[in-house]
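Below is the structure I would like to discuss, written out as structure tokens.
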Amino acid sequence: MKTRSFARSQAAFTEAKKVIPGGVNSPVRAFGSVGGDPVFFERGKGSHVFDIDGNTYIDYVASWGPLILGHVPEKVVEAVERALSGGSSFGAPTERETALAEKIVRMVPSIEKVRMVNSGTEATMSAIRLARGYTGRSKVIKFIGCYHGHVDALLVQAGSGPMTLGTPGSPGIPESHIADTLALPYNDIDTVKEVFDNMAGDIAAVILEPIAGNMGVIPPKDGFLEGLRELTEKHDSILIFDEVITGFRIAPGGAQELYGVTPDMTTLGKVIGGGLPVGAYGGRADIMDHIAPDGPVYQAGTLSGNPLAMAAGLATLEAVSDESFHDTLEEKAARLAREFETAANAAGVPAFHARVGSMICTFFTDGEVVDFDGAKTCDTDRYAKFHHEMLVRGIYLAPSQFETMFISIVHTVEDIEQTASAVREVMKLL
Ligand SMILES: Cc1ncc(COP(=O)(O)O)c(C=O)c1O
């Protein structure tokens, strides 16, 4: 193993901390839960990233999910360059927005109409406002360990980011903003039923990640999504799938296609922007028609539907629509996940391995993980060591136990073999 220097990254972090809170523009990037200083990147290409000290890594963070085609995919770059040369923003309608909306409507089962925004946070915030405006009710059920961005009302027991900081939510959010938020255990349909039995007439919406990806990777138990569908339908509440991570990644139509459960509304982000800042929310036309200008629920955005973002989104969704795309991704991910499992078993390291499609997580714990309480039993010190030892071997993993490892379509067999060889070495050190 060659020795790597991180001197320039360390110096860059020191400088950044003088002018940026914590030196980062999003907290988990700071390596708080694994220790050490974050690596500063210079560029990416395909499945690899290159830091400012000249170190190379195989990247399994993929900018936290958007880069399903890897770094700088030719078609996306070309599309963005073409869009930029024609004007970076108009604040007026363009045909690319309609083209992307049409593509989303074709791909995502629940979406008849869709509104573009600039981030996943904006998408969930707007979806909740619309659900409340449409139903005339105020309470929202979310699930412990699910993260829906930093929306005041949803930043309650919200998984990886806040968990890494050791805070349940955040100061700065008045009690009144979360008074109508009910945080329930993931995968526990009986508790949801009880809550509906007591206050059905008050519940505007149930929002969840159909595959939880912010407390490691936790798939829904058999019957959980179906149970939520039944309860919300029965009580006229809006079921919202937050597919910011899973949208277009798990299947062309997201987790709702994989599990065959169609929500009323869906929030999107990450892959939809192909690496540019985009989010979207969509759903049944009768609900979406309640947004301004057709309806009374207000939501707007100076850069919403931005030409560069629309171009990147269109090129990305075109690529993931290819018939064999998700099968290829599945094969690569299955192979990589098998290597992690085999290496942990061979080294006698207690671990629970979870995977749905190209979302992978090795939980350093004994038991099965089906909810946030299970995720919390992980040995986070062991993950920190694992992360560091993989990093110095040129494998870039998320700097938190409670994140998803993402594989992209450009990870090669050689990448997977190189990663497997590092995992085998590192598991023996834990
Ligand atoms: C499921 C989910 N919803 C919403 C968000 C918020 O998206 P953004 O960071 O683009 O605001 C995230 C971000 O990680 C997410 O994972």
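Where a number appears in this text, it was derived from the coordinates with a stated rule and is not lab data. Because the structure is predicted, anything quoted here is derived from the model rather than measured. With ideal geometry, Cβ positions are generated from the backbone for all residues, glycine too; neighbour counts draw on all protein chains shown.
Quick one: which residues, 5 or more positions from V410 or on another chain, have an amide H under 5 Å from its amide H? H modelled 1.01 Å from N in the peptide plane, none for Pro or chain starts.
G70
Before anything else, pin down the relative contact order of the chain: Cα pairs under 8 Å, at least 6 apart, normalised by residue count, whole percent.
Numbers: 872 pairs, mean separation 98.6, N = 430.
Relative contact order of the chain: 23 percent.
Simple spin-label model, 7 Å along Cα-to-Cβ: V19 to L303 in nm?
Roughly 1.9 nm, to one decimal.
Connecting C-alpha atoms closer than 10 Å in a GNM of the chain, tell me which of G201, G254, G282 has the biggest fluctuation.
So, out of G201, G254, G282, the one fluctuating most is G201.
Let me ask something else about it. Search the structure for amide H atoms under 5 Å from the amide H of K113, placed 1.01 Å from N in the peptide plane, and list their residues when 5 or more places away or on another chain.
When sequence neighbours closer than 5 places are left aside, the close amide H contacts are G283, A285.
Only helical DSSP H runs with n ≥ 4 go in: add -39500 (n - 2.57) per run for the chain, normalise by residue count and round the 222 nm mean residue ellipticity to 500 deg cm²/dmol. List each step's numbers first, then the result.
Values: 15 runs with 163 residues, N = 430.
About -11500 deg cm²/dmol.
Compute the acute angle (0 to 90°) between the alpha-carbon long axis of helix 224-234 and the principal axis of greatest extent of the alpha-carbon atoms of the chain; round to the nearest 10°.
Between the helix axis and the principal axis of the chain, the angle is about 10 degrees.
I've got another one for you. So who's got an amide H within less than 5 Å of the one on G279, skipping anything under 5 residues away but keeping other chains? H placed 1.01 Å off N, in plane.
Amide H neighbours of G279, under 5 Å, 5+ apart: V117, N118, S119.
A follow-up question, please. Can you work out the Karplus-derived ³J(HN,Hα) for every residue in the range 45-52? Use 6.51 cos²θ - 1.76 cosθ + 1.60 with θ = phi - 60°, whole Hz, and x for glycine or proline.
Here the 3J(HN,Hα) series is 8, x, 8, 10, 10, 10, 8, 6 Hz.
Among F372, F13, F364, which one shows the biggest mean-square fluctuation in a GNM of the chain, springs joining Cα atoms closer than 10 Å?
F13
Give the range of the longest stretch in the chain that excludes all GluC sites (Glu not before Pro) found in loop regions by DSSP and having at most 12 other beta-carbon atoms within 10 Å. Don't skip to the end; give the middle numbers.
On the way: sites that count: E323, E368.
In short, 1-322.
Which value, in debye to the nearest 20, gives the size of the charge dipole of the chain about its Cα centre, when Lys and Arg are +1 and Asp and Glu are -1 at the Cβ?
On the way: 37 positive and 55 negative charges, 223 e Å.
In total the dipole reaches around 1060 debye.
Do any trypsin sites (Lys or Arg not before Pro) in the range 362-430 lie in a DSSP loop with no more than 13 other beta carbon atoms within 10 Å, and if so, which? Working shown, then result.
Details: sites: K376, R382, K385, R393, R424, K428; in loops: K376, R393, K428.
Taking the range 362-430 and a limit of 13 other Cβ atoms within 10 Å, the loop trypsin sites (Lys or Arg not before Pro) found are K428.
Let me ask you something else. What ranking do Y396, Y298, Y147 get, fewest neighbouring Cβ atoms within 10 angstrom at the top?
Numbers: Y396 21, Y298 12, Y147 28.
Fewest-to-most ranking of Y396, Y298, Y147: Y298, Y396, Y147.
May I pose another question? Would you mind checking the tilt of helix 120-135 against the longest principal axis of the Cα atoms of the chain, expressed as 0 to 90 degrees and rounded to 10?
Long axis of 120-135 versus the principal axis of the chain: about 20 degrees.
Check cross-link reach from K103 to the aspartates and glutamates: straight Cα distance under 17 Å, and skip same-chain residues fewer than eight apart.
Once the sequence-local aspartates and glutamates are set aside, what remains near K103 is E95, E112, E243, E257, E318, D322, E323.
While we're here: Which angle from 0 to 90°, rounded to the nearest 10, does the C-alpha axis of helix 95-107 make with the longest principal axis of the chain?
Approximately 90 degrees, to the nearest 10.
Could I ask something else about it? Of the residues I128, I291, I407, which exhibits the maximal mean-square fluctuation in a Gaussian network model of the chain defined by a 10 Å Cα contact cut-off?
In this elastic network of the chain, the residue with the biggest mean-square fluctuation among I128, I291, I407 is I291.
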